[in-house]
Amino acid sequence: MTDLDLITTAQELVAERKGILAADESTGTITRRFSAVGVESTPETRRDYRQMLFTTPRIETFLSGVILYDETIRQSTTDGVLLRDVLVGKGIIPGIKVDMGTTELANFPGEVVTEGLDGLRERLAEYRDMGARFCKWRAVIRIGDGTPTRGNLVANAHAMARYAALCQEMGLMPIVEPEVLMDGDHTLERCERVTTATLHHTFEQLFEQRVLLEGMLLKPNMVVPGKGSLEDMDPTAVAEATLRTLQRTVPAAVPGVVFLSGGQTPEQATMNLNAMNQMGEAPWELTFSFARALQGPAMEAWSGKAENVQIAQELFYQRAQLASAAREGEYSETMERATTRLSG
Ligand code: 5MM
């Protein structure tokens, strides 16, 4: 693997009309999501669900890559085909979440840091041998009274940069995901200030650790008001604030920004991505790496029942199609309504 391979992977993942499916929910997270739709979480139900997503007919039209969880990269379909090979067969690049989740940061009450650097080089070698071409690591930043602190932002940024450097050494393209959570009643303006500081520290540490910017992707939150805020979610305001934040912090050498949806509704996340792409001012490709905003309606329709697989796949296909349109700035409420009518 050379720098050129890393750059090629990054560019392929942000190719025209395409984005990434985040299907890397850890067991605890997918268990919570399944429980909300009345599905028991077992290795088999998790396999069935992900098999349903990956085998959706023609989904490769809109997906360049899928982020997998450790369990999933080792699982096979009910016909005995490795799930990762299903993706490769469709021309979709398999990637893998390699962080080990968050833990309380000592001396910083209420703030967390992401773990997973110990033994990472060896784990990366195994994932690379299994065919993964890219990785993902997520840092979680909470907005609260007096938080995030500088100490917390630096600790998370340092860990992300160490992760990214190791990935590149091992020939795996790193996605760096600093997520400022939507939890709270903060304003859009506060989210902008915190996201700006978060990305500033992230790129400072990436520079310190000599990470090749052309061979990585950034997966940030969009700049939005907190879930408990009384402010409306206005796509133009979100797009302006998000682009301003990125322009102030993210070097143009980074090939792409692949947004997380963060608890926005599928419609909101899609509309906001569309608004950004319509502004047409960005030096980076702007696309999606959504989990909930792609999977939500499909998971609900599936509800763990084999007879619902077809309708669930149709809903998943529709959300990916709409996200792909938003990636080009071609999404509209008319398209959304037409899709709703088809599925309703
Ligand atoms: C923020 O979560 C990531 C994107 O998902 P959304 O679009 O739903 O916000 C997602 O890739 C996340 O990192 C994985 O689900 C893993 O999360 P956990 O909490 O299980 O590590």
- What residue, of 79, 48, is away from the ligand (no atom under 14 Å from the Cβ), of a type in the set (Asp, Glu) and under 24 Å from residue 135 (Cα atoms)? 48
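Just to be sure, is residue 267 crowded, with 21+ Cβ neighbours inside 10 Å and among the charged types (D, E, K, R)?
Taking the combined requirement at face value, the residue does not satisfy it.
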- Item | Filtered residues of segment 232-269 (kept if away from the ligand (no atom under 16 Å from the Cβ) and either modelled with pLDDT under 95 or among the hydrophobic types (A, V, I, L, M, F, W, C) (or both)) | 232, 237, 239, 241, 243, 246, 250, 252, 253, 254
- Message: Please determine whether any residue of segment 14-26 is at negative phi, surrounded by 15 or more Cβ atoms within 10 Å (Cβ to Cβ), more than 17 Å from the chain's Cα centre (by Cα) and within 15 Å of the ligand (Cβ to nearest atom).
- Response: no
- Task: Find the helices (runs of 4 or more DSSP H) located wholly in segment 1-87 whose residues include 2 or more that are touching a strand residue (DSSP E or B) at 6+ places or on another chain (Cβ under 6 Å), and list them.
- Result: 3-13
- Given (1) within 13 Å of the ligand (Cβ to nearest atom); (2) in a helix (DSSP H, G or I); (3) not aliphatic (A, V, I, L, M), index of the condition residue 136 fails: (2)
- Only one of these is at positive phi and polar (S, T, N, Q): 229, 303. Name it. 303
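From the list 115, 71, 25, pick out the single residue that is under 30 Å from residue 329 (Cα atoms), of a type in the set (D, E, K, R) and in contact with a helix residue (DSSP H, G or I) (Cβ under 9 Å, 6 or more places away or on another chain). So that I can check it myself, show each step before the final result.
Details: 115 fails: under 30 Å from residue 329 (Cα atoms); 71 fails: under 30 Å from residue 329 (Cα atoms).
Just a single option satisfies the conditions, and that option is 25.
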- Query: Would you call residue 272 free of Cβ contacts under 8 Å to residues at least 60 places away in the same chain and within 15 Å of the ligand (Cβ to nearest atom)?
  - Reply: yes
- helices (runs of 4 or more DSSP H) wholly inside segment 253-344 that include at least 1 residues being of a type in the set (A, V, I, L, M, F, W, C) and over 29 Å from residue 43 (Cβ atoms): 266-279, 309-327, 333-343
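Which residues, taken from segment 174-196, are more than 16 Å from the ligand (Cβ to nearest atom) and more than 15 Å from residue 242 (Cβ to Cβ)? Working first, answer last.
Of segment 174-196, the ones more than 16 Å from the ligand (Cβ to nearest atom) are 185-190, 192-193, 196.
Listed by number, the residues that qualify are 185, 186.
The values are calculated or read from the model by the stated rules, or taken from the named source; none is laboratory data. What you see is a predicted model; the values in this text were computed from it and never measured. When we count neighbours, we look across all protein chains shown, and the Cβ atoms used for this are built from the backbone with ideal geometry, even at glycine.
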